[in-house]
Amino acid sequence: MAMLDGKVAIVTGGGASIGGAITRKLHAEGAKVVIAARNQDQGAKLAEELGDAALFVATDITDDAAIAHLVDATIATFGRIDILVNNACSYGDDGPATPRETWLQTLNVNAVSAAILGEAVRPHLTQSRGNIVNIGSVSGKFAHIGRWAYPVSKATLAHLTRSQAMDYAAEGIRVNMVTLGHIWSDPFDGLTAGDRAHADKVASDLNLIGRVADASEVAQVVAFVASDAASYMTGSETSVDGGYGMLGPERRVPLMPLLAAHG
């Protein structure tokens with residue numbers, strides 16, 4: 001039996017890149033998947049690829065009416081909701097110079113909409129004793145030069161995860177976060193002009209695995225956290241970062257020999 005047989009999952013931003021990998025993995029594990037995304041071409045194409053167990057719903061998660069439509073369409077098609085993966089993300093960020101409009105948009109997409117959507121599916125997750133998986137980032141834990149809005153939004157999402165877990169526990173709803181490091185995804189592809197080897201080289205000194213991750217490596221962890229195999233996990237943060245979060249400022253460079261080599 002597959003890990004998610006009989007489950008119904010909504011994946012925001014589920015049409016491409018990391019979201020697409022999550023959608024495919026949940027589907028492979030037996031779930032019916034609802035792809036909630038703004039990109040019509042990507043979302044519809046993936047739903048067609050996956051067949052009758054997949055549904056694309058064009059969704060702007062910053063629009064409450066669109067969220068209501070997403071939930072209604074999911075119930076009308078599949079009859080239940082067991083899993084919500086809050087994966088959709090805005091990378092809007094100009095560091096200290098970030099204008100108010102960008103601040104509000106980034107926070108709206110990355111944190112506020114996750115809260116609103118969680119409330120929208122809450123009655124259905126209560127019925128199914130389902131769960132929410134929020135997709136976080138190491139940027140929400142560590143300061144990065146020249147980046148403010150995105151890291152702050154991911155830090156907000158981390159605390160939202162704890163707040164949701166606290167308030168939803170009485171209804172049997174689990175809420176967890178999967179925190180990502182450097183993942184080969186649309187942003188990395190764009191920044192490197194598709195040069196995966198260059199991305200691996202840049203990341204090699206910033207984590208213990210020595211490369212960026214494949215999106216499928218994220219998806220496997222999300223599927224586990226969303227499954228009944230993780231039934232005693234809530235309010236938790238699971239890192240998929242190759243050891244980035246524990247490496248520290250010395251990275252993998254031994255300090256003492258460098259000090260001893262002075263002069």
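The values are calculated or read from the model by the stated rules, or taken from the named source; none is laboratory data. Owing to the predicted nature of the structure, the values given are computational and were not obtained by experimental measurement. Glycine gets a Cβ as well: all are built from the backbone with ideal geometry, and neighbour counts include every protein chain shown.
Considering each residue of the stretch 131-144, count those that are in contact (Cβ under 8 Å) with a residue 60 or more places away in the chain and either over 15 Å from Asn87 (Cα atoms) or surrounded by fewer than 20 Cβ atoms within 10 Å (Cβ to Cβ) (or both), and give that number. Let's see the steps before the verdict.
Initially, the stretch 131-144 is screened for residues in contact (Cβ under 8 Å) with a residue 60 or more places away in the chain, giving 131, 133, 135-136, 138, 141-142.
Now restrict to residues that are either over 15 Å from Asn87 (Cα atoms) or surrounded by fewer than 20 Cβ atoms within 10 Å (Cβ to Cβ) (or both): 141-142.
Count: 2.
Any idea which residue in the stretch 84-117 is nearest to Tyr150 (Cα to Cα), counting only those that are more than 13 Å from the chain's Cα centre (by Cα) and of a type in the set (Val, Ile, Thr)?
Thr106
Would you please list the contacts, defined by Cβ atoms under 9 Å and residues six or more apart or on different chains, that run from a residue in the stretch 51-78 that is within 20 Å of Arg24 (Cβ to Cβ) to a residue that is in a helix (DSSP H, G or I) and aromatic (Phe, Trp, Tyr)?
These pairs meet every condition: Ala53/Phe78; Leu55/Phe78.
Within the stretch 161-208, take every residue that is aliphatic (A, V, I, L, M) and over 24 Å from Gly20 (Cβ atoms) and give me the one that is surrounded by the most Cβ atoms within 10 Å (Cβ to Cβ).
By that ranking, first place goes to Ile173.
Taking Ala158 as the residue in question, decide whether it is in a helix (DSSP H, G or I), more than 18 Å from the chain's Cα centre (by Cα) and at pLDDT 95 or above.
Values: in a helix (DSSP H, G or I): yes; more than 18 Å from the chain's Cα centre (by Cα): no; at pLDDT 95 or above: yes.
Answer is no for this residue.
Which count do you get for residues in the stretch 199-215 that are assigned to a helix (DSSP H, G or I) and not small (Gly, Ala, Ser)? Explain how you work it out, then say what you get.
Our first condition is that a residue be assigned to a helix (DSSP H, G or I); within the stretch 199-215, this holds for 199-203, 215.
When the remaining residues are screened for being not small (Gly, Ala, Ser), the result is 200-202.
Residues flagged as assigned to a helix (DSSP H, G or I) and not small (Gly, Ala, Ser) within the stretch 199-215 amount to 3.
I need every pair where a residue in the stretch 3-30 that is assigned to a strand (DSSP E or B) has its Cβ under 7 Å from the Cβ of a residue that is among the polar types (S, T, N, Q), sequence separation at least 6 or different chains.
Close Cβ pairs satisfying both conditions: Val8/Thr74; Ile10/Thr74; Val11/Thr23; Val11/Asn87; Thr12/Asn86; Thr12/Asn87.
May I ask you to verify whether Val112 is farther than 24 Å from Phe224 by Cα and either at pLDDT 95 or above or out of contact with any Asp or Glu (no Cβ under 8 Å at 6 or more places or on another chain) (or both)?
Working: farther than 24 Å from Phe224 by Cα: yes; either at pLDDT 95 or above or out of contact with any Asp or Glu (no Cβ under 8 Å at 6 or more places or on another chain) (or both): yes.
When the stated conditions are applied, Val112 passes them.
For the stretch 90-112, give me each residue that is closer than 30 Å to Gly51 by Cα, of a type outside the set (Val, Ile, Thr) and surrounded by fewer than 23 Cβ atoms within 10 Å (Cβ to Cβ). So that I can check it myself, show each step before the final result.
Within the stretch 90-112, the subset closer than 30 Å to Gly51 by Cα is 90, 109-110.
From the residues that got through so far, the ones that are of a type outside the set (Val, Ile, Thr) too are 90, 110.
Correct list: Ser90 only.
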